[in-house]
Amino acid sequence: MKTYIPKIEEIEHRWYLVDAKGKTLGRLATKIARILMGKHKVEYTPFLDVGDYVIVTNARYIKTTGAKLEEKIYFHYSGYPGGLRKRTLAEMLSKHPEKVIQQAVRLMLPKNALGRKMFKKLKVYPESEHPHAAQNPQPLE
């Protein structure tokens, strides 16, 4: 028996819509990462991009457990002396709520060119409006 490997032209990419309102950050990020990688499909192949597109709405209204709002810190370093910037999760949710979900998902994807290609299929919006209605995204639970 030979192992089945899907051809690139046979791979079908679907669009899924995820409402992040009231969802826990880490649990939501793992589900999104699995869909972006394609692990939910029968024809999953680790070295091919068989994953689907994911649209996340209401990123501003995610929830976290424990005291993560004040204790979880995001670091950004500009490369210059004194250029280290720190922000808490609460500050990130108020200023850039889409970046919170993007970073959580990005760190769960492979750290190579294929992972970067998968990450481009993630679309995150802070509110419920999104410009991808033409793709007919299916709601995902």
In the range 2-23, anything under 20 Å from Glu98 (Cβ atoms) and surrounded by 14 or more Cβ atoms within 10 Å (Cβ to Cβ) is listed as Trp15, Tyr16, Leu17, Val18, Asp19, Ala20, Lys23
What single numbered condition from (1) aliphatic (A, V, I, L, M); (2) under 16 Å from the mean Cα position of the chain (by Cα); (3) surrounded by fewer than 17 Cβ atoms within 10 Å (Cβ to Cβ) fails to hold for Val100?
(3)
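To keep it simple, each residue is scored yes or no on (1) assigned to a loop (DSSP other than H, G, I, E, B); (2) of a type in the set (Phe, Trp, Tyr); (3) within 11 Å of the chain's Cα centre (by Cα).
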{"residue": "Leu17", "(1), (2), (3)": "no, no, no"}
{"residue": "Ile35", "(1), (2), (3)": "no, no, yes"}
{"residue": "His40", "(1), (2), (3)": "yes, no, no"}
{"residue": "Gly51", "(1), (2), (3)": "yes, no, no"}
{"residue": "Arg60", "(1), (2), (3)": "no, no, no"}
{"residue": "Thr65", "(1), (2), (3)": "yes, no, no"}
Looking at (1) more than 20 Å from Pro137 (Cβ to Cβ); (2) over 12 Å from the mean Cα position of the chain (by Cα); (3) of a type in the set (Gly, Ala, Ser), which one does Gly26 not meet, given that it meets all the others?
(2)
Select from the range 48-85 the residues that are of a type outside the set (S, T, N, Q) and touching a His at 6+ places or on another chain (Cβ under 8 Å) and write down the one among them that is surrounded by the most Cβ atoms within 10 Å (Cβ to Cβ).
Gly51
Return yes or no: is Val56 under 30 Å from Ala133 (Cα atoms), touching a residue at least 40 places away in the same chain (Cβ under 8 Å), touching a Ser or Thr at 6+ places or on another chain (Cβ under 9 Å) and among the β-branched types (Val, Ile, Thr)?
no
Contact list, first residue from the range 6-35 and closer than 17 Å to Met108 by Cα, second anywhere and acidic (Asp, Glu) and not in a helix (DSSP H, G or I), beta-carbon distance below 9 Å, six or more apart or interchain, is Ile35/Asp52
Might you let me know whether the range 66-73 holds any residue that is farther than 23 Å from Tyr125 by Cβ and touching a residue at least 24 places away in the same chain (Cβ under 8 Å)?
no
Residue list for the range 26-51, restricted to those being of a type in the set (D, E, K, R) and closer than 19 Å to Val100 by Cα:
Arg27, Lys31, Arg34
Of the residues Arg106, Arg116, which single one is of a type outside the set (Val, Ile, Thr), out of contact with any Pro (no Cβ under 8 Å at 6 or more places or on another chain), within 23 Å of Tyr16 (Cα to Cα) and surrounded by fewer than 14 Cβ atoms within 10 Å (Cβ to Cβ)?
Arg116
Among the residues of the range 119-131, which ones are surrounded by 14 or more Cβ atoms within 10 Å (Cβ to Cβ) and either of a type in the set (D, E, K, R) or closer than 15 Å to Trp15 by Cβ (or both)?
Lys121, Leu122, Lys123, Val124, Tyr125, His130
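No lab work stands behind these numbers, since they all come straight from the coordinates. For clarity, every value in this text was computed on a predicted model and none was experimentally measured. When we count neighbours, we look across all protein chains shown, and the Cβ atoms used for this are built from the backbone with ideal geometry, even at glycine.
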